[in-house]
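Encoded as structure tokens, the structure appears first; notes follow it.
Every number in this text was worked out from the coordinates using simple rules, so none of it is lab data. Only a predicted model underlies this, so the values are computations on that prediction, with no experimental measurement involved. Because the Cβ atoms are built from the backbone with ideal geometry, glycine has one as well, and the counts that use them run over all protein chains shown.
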Amino acid sequence: MKRQLLLLMIVVLGIGTFSNVYAQKHDDMEISLRYIAKFRIWEESPKLYEDEKVLEIGKEYSVFYGLWNTRRDEIKDSISARGGSLSDILQAIQQSGYPLSKQHYVVYKNYPEKGKLTYTDKVFKKFKYTETMERPVWKILEGDSLIHDYPCQKAQTEFRGRIWTVWFTPAIPVSDGPWKLYGLPGLILIAKDNTAHFSFECIAIKQGNGRKMKTLQGSYQNCTARKLAEMYTLMAKDPMAYLQQFGIDPMKATDANGRPMQYKERHPVLMELLPNK
């Protein structure tokens, strides 16, 4: 039981060592948006989870990240820097009121340079990959709406294996949006995929006033989008087997009766559906 609790703390708090340290690249924020994201995790369960996401847009790049886990990480790092204990960290996080999100990914557009996208995630360890930005092919649809007092138009695209329907506002002529979505003559305020597995709905728009944007910093292991999907699949199927590929051999988990834990195979619902190769 103690070994399982320690493993849980490692996963939750992100304790570990990583390679490929990134330096900070600062940019001044021009506008920021907050979205409520809804998403499915398992094919075996219809439950939709929620997270609050932030899109920061600067002069050179943009970054899309989860607010809750970012704030929890900031609390952990601040207390650790002061020499605080694990108990201090857990107490501060609990008092903060920020829930633990089921998602950890961050998307940097035009980073590390224009035309490049950097994607980071955490599946026990922290990973990143960089790819050329792919501009979705959009079709403007009939229909208009008013969202947060901004006139919006409707558009649709088939992108990375899913059909996305969005509402964007030409009143804010910035070609950006949540996740990897962009390429319209205005900010995307609402995006939903046709299976209702994923959605983003803007709840606030604010001027950046030159504040410094979130930067890519810390240490990551390089991977690819396909490799990341494979890691999610293995982690869902057998967490212990997943950890063992990193040289971690935890004590075999047992149930309340001391019998070896049997993992029921699950299948993750991935936002990006890669073609089979």
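Helix 67-81 and the long axis of the chain differ in direction by around 50°, with both axes built from C-alpha atoms. Straightening the chain between SER145 and SER87 buys 16.0 nm, computed as 0.36 nm per residue apart minus the Cα-Cα spacing. The label-point distance for GLU74 and THR195, in a model that sets each label 7 Å from Cα toward Cβ, rounds to 3.4 nm. Using only the Cα atoms of segment 99-147, build the gyration tensor, take square roots of its eigenvalues as a ≥ b ≥ c, and label the shape rounded, prolate or oblate: rounded if a/c is under 1.5, else prolate if a/b is larger than b/c, else oblate. Oblate, because a/c is 1.5 or more while a/b does not exceed b/c.
Measuring between their Cα centroids, segment 213-250 and segment 133-185 lie 31 Å from each other. Each Cα pair under 8 Å and six or more residues apart adds its separation to the average, and for the chain the resulting relative contact order is 23 percent. Residue-wise HN-Hα couplings along segment 207-221, as the Karplus relation 6.51 cos²θ - 1.76 cosθ + 1.60 with θ = phi - 60° gives them from phi, are 6, x, 6, x, 5, 6, 7, 4, 10, 7, 9, x, 10, 9, 9 Hz; Gly and Pro carry x.
Given Cβ point charges of +1 (Lys, Arg) and -1 (Asp, Glu) and nothing else, what value in debye, to the nearest 20, does the dipole of segment 2-221 about its Cα centre take?
Numbers: 32 positive and 25 negative charges, 134 e Å.
Dipole size: approximately 640 debye.
In segment 138-202, Cα pairs under 8 Å separated by at least six residues give a relative contact order of 24 percent. Of the three principal axes defined by the Cα atoms of segment 2-221, the extents in descending order read 58, 41, 32 Å. As I understand it, the value is the acute angle between the Cα axis of helix 2-13 and the longest principal axis of the Cα atoms of the chain; what does it come to in degrees, rounded to 10? Its long axis makes an angle of about 20 degrees.
For segment 69-188, the dipole from Cβ point charges (+1 on Lys and Arg, -1 on Asp and Glu) about the Cα centre works out to 460 debye, to the nearest 20. Rounding to the nearest 10 and keeping the result within 0 to 90°, find how far the Cα-based axis of helix 225-237 lies from the longest principal axis of the chain. Computed tilt is about 40 degrees.
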